[in-house]
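The values are calculated or read from the model by the stated rules, or taken from the named source; none is laboratory data. Quantities reported herein were computed from a predicted structural model and do not represent experimental measurements. Methodologically, a virtual Cβ is constructed for each residue, glycine included, from the backbone with ideal geometry; neighbour enumeration extends over all protein chains shown.
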Amino acid sequence: MAVIRPVLWRTIERKLKGFNGNKAPLIAGHKLLYRCNLECKMCPFWRRKDEQLLTVEEEVKMMESMKRAGVSFLGFEGGEPLLRNDVQDILAESHKRFHTSMVTNGWLLKNKLKSIEDYLDYMFVSIDGIGSLHDKMRGVSGSFDKAIEGVKAARGHISLSLSSTITEENYFQAKDLVLLAEKLGVGVNFQIAYNYSTAEKESPGMDKLKEAVQTLALMKEKGYKIVNSKEYFQAVTNSWFNGNGWKCKPWLTMNVDPLGNLVMPCYVLNEYNGSSKVWDVDIVKVWNNYNWEEYESCNKCALSCYLEPSLFTWKNPSMIKERIIDGLMDYVRVEASTA
Ligand code: SF4
Ligand code: SF4
C-alpha cells in the first residue's frame, strides 16, 4: 500500500488539473440495477424497470474502458447492488482495477458480508432517520434494524460510513444521525436534499434546510466524524443562501447506467443517455467534445459525489488531510484489524 498510495496521489493530482488541458473522468459511478427491496419516496430509481442487465463479462468490458479513460475510483450503486447474485464476482473484478466502493441499504449486508468484504475499499450504508422514521422514509418496516445489523456486522471488516439524505421529513434528526454514527463507531456522509423531479415535494423549505446545514457544519467543527468536508457545508450555504455559487465539474465523475450506457452530464440532469455501450465509445473523445462549461454554474444539487471533487484543491491543507490522509488512516486501521 505504501507503494500504491503515492502513485494514486500523483494520478489524482494530474487528473484534477486535467491532462494537457484535456478533461478526463477520475471517478466512476455505476448503477448495477434499478431494482430495490425498499421503496423510498424520494428515490426515482426503484420505480424504473430493469431491462437486460450487463453480464459479468460485460461489466469487465465496461471496467476496461473506464480504465483506459483514466478512472481510478469505481463506486457501485443502484437500486440495491446486493440484490444481484453475482455482485461478488463484479466487485472482485473491480477491486483488481480500481479503488472500489458501494452504496447499500444494508438489508442484505450481514448475509452477504463474507462474499464481498475482500473486494471493497469503502462502503456507505444508507440510513435517513432513527428507527420508525427511517422505516417510514424507506417504505418498508424493519429496514432500520436490518441496516444497523448490517453496519454492526461489517464495521471492522470494511471501512464504512452511514450515508444520510436530508429532506423535509428528517432535517430535525440531522444531529441524531451524527450521534447514531458515533454510537456505532463509524462516520456519516450527508447529501443535502437535491432537485430530482420526483423529490421536489420532499425538498425541505429553505429555513429548515439551512438549520440542518448549520447544525452539521457546527458538529463538523466540533470534531464529530462527518465525512463531508467543512468546505462542502460552506459551498452549500454560499450557493443556496448567499447567492455565491460553486463551480461544478461533473466531468470528474462518470456515470454508467445498468445497461452500460453513459449518463451525462451527471445522473441528476441525465440529459444525454447514449444508446452505445460504454466500451464501444471513445470516452476521451466524448469527454472533450461535450459542452461541460454549460453546467459549471448549475448548483442544482448538493450531491457530495459531484460537489466534493469539484471543490477539491491541493492548495488547501485541511482538504488534503481530510480527503486523503484521514481516508488512508481509516483504510490502514481496517487492514490492520482484519490482518
Ligand atoms: S434504498 Fe436506495 S435505491 Fe432503494 S429505494 Fe431507497 S434510495 Fe432508492
Ligand atoms: S450541480 Fe453539477 S452534478 Fe449537480 S445537477 Fe448540476 S451539473 Fe449535475
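Within the set SER94, SER101, SER72, the sole residue that is away from ligand 2 (no atom under 16 Å from the Cβ) and modelled with pLDDT under 95 turns out to be SER72. The residues of region 62-82 that are over 18 Å from the mean Cα position of the chain (by Cα) and within 20 Å of ASP50 (Cβ to Cβ) amount to a single one, MET62.
None of GLY106, GLY150, GLY129 is under 18 Å from the mean Cα position of the chain (by Cα), of a type in the set (Gly, Ala, Ser) and either part of a strand (DSSP E or B) or buried (at least 20 other Cβ atoms within 10 Å of the Cβ) (or both) except GLY106. Looking across region 44-64 at every residue that is in contact (Cβ under 8 Å) with a residue 40 or more places away in the chain and surrounded by 21 or more Cβ atoms within 10 Å (Cβ to Cβ), the one that is nearest to LYS285 (Cα to Cα) is identified as MET62. Condition first: among the acidic types (Asp, Glu), outside any strand (DSSP E or B) and under 30 Å from GLU51 (Cβ atoms). Can you find one or more residues in region 274-292 that meet it? Yes: one or more hits.
Please determine whether any residue of region 277-296 is surrounded by 19 or more Cβ atoms within 10 Å (Cβ to Cβ) and within 8 Å of ligand 2 (Cβ to nearest atom). Yes: region 277-296 contains one or more residues that are surrounded by 19 or more Cβ atoms within 10 Å (Cβ to Cβ) and within 8 Å of ligand 2 (Cβ to nearest atom). Counting residues in region 232-254 that are within 20 Å of LEU303 (Cα to Cα), touching a strand residue (DSSP E or B) at 6+ places or on another chain (Cβ under 9 Å), touching a residue at least 40 places away in the same chain (Cβ under 8 Å) and within 16 Å of ligand 1 (Cβ to nearest atom) gives zero.
Consider region 255-265 and keep the residues that are within 16 Å of ligand 1 (Cβ to nearest atom) and part of a loop (DSSP other than H, G, I, E, B). The one that is nearest to GLU51 (Cα to Cα) is PRO258. Against the list (1) of a type in the set (S, T, N, Q); (2) under 27 Å from ALA154 (Cα atoms); (3) at pLDDT below 95, the condition ASN85 fails is (3).
Yes or no, residue by residue, for (1) within 13 Å of ligand 1 (Cβ to nearest atom); (2) touching a residue at least 24 places away in the same chain (Cβ under 8 Å):
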site: ASP86; (1), (2): no, yes
site: LEU91; (1), (2): no, yes
site: HIS99; (1), (2): no, yes
site: LEU113; (1), (2): no, yes
site: MET123; (1), (2): no, yes
site: ASP128; (1), (2): yes, yes
site: SER132; (1), (2): no, no
site: LYS136; (1), (2): yes, yes
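Name every residue in region 68-84 that is within 11 Å of ligand 1 (Cβ to nearest atom) and either of a type in the set (D, E, K, R) or surrounded by fewer than 21 Cβ atoms within 10 Å (Cβ to Cβ) (or both), in order of residue number. The answer is GLU77, GLU80, LEU83. In a residue-by-residue description of region 270-292, the property of being closer than 21 Å to CYS43 by Cα and either under 17 Å from the mean Cα position of the chain (by Cα) or at pLDDT 85 or above (or both) applies to at least one position.
In this structure, GLY79 qualifies as part of a loop (DSSP other than H, G, I, E, B) and farther than 26 Å from LYS175 by Cα. Yes or no: VAL268 part of a loop (DSSP other than H, G, I, E, B) and within 16 Å of ligand 1 (Cβ to nearest atom)? Judged against the criteria, VAL268 is a match. Residues in region 154-172 that are under 21 Å from the mean Cα position of the chain (by Cα) and assigned to a helix (DSSP H, G or I): ALA154, TYR171.
Every listed requirement among (1) modelled with pLDDT of 85 or more; (2) under 30 Å from ALA69 (Cβ atoms) is met by GLU221 save one, (2). Residues that are within 9 Å of ligand 2 (Cβ to nearest atom) and out of contact with any Asp or Glu (no Cβ under 7 Å at 6 or more places or on another chain) were ranked within region 246-269; the one that is nearest to TYR34 (Cα to Cα) is TYR267.
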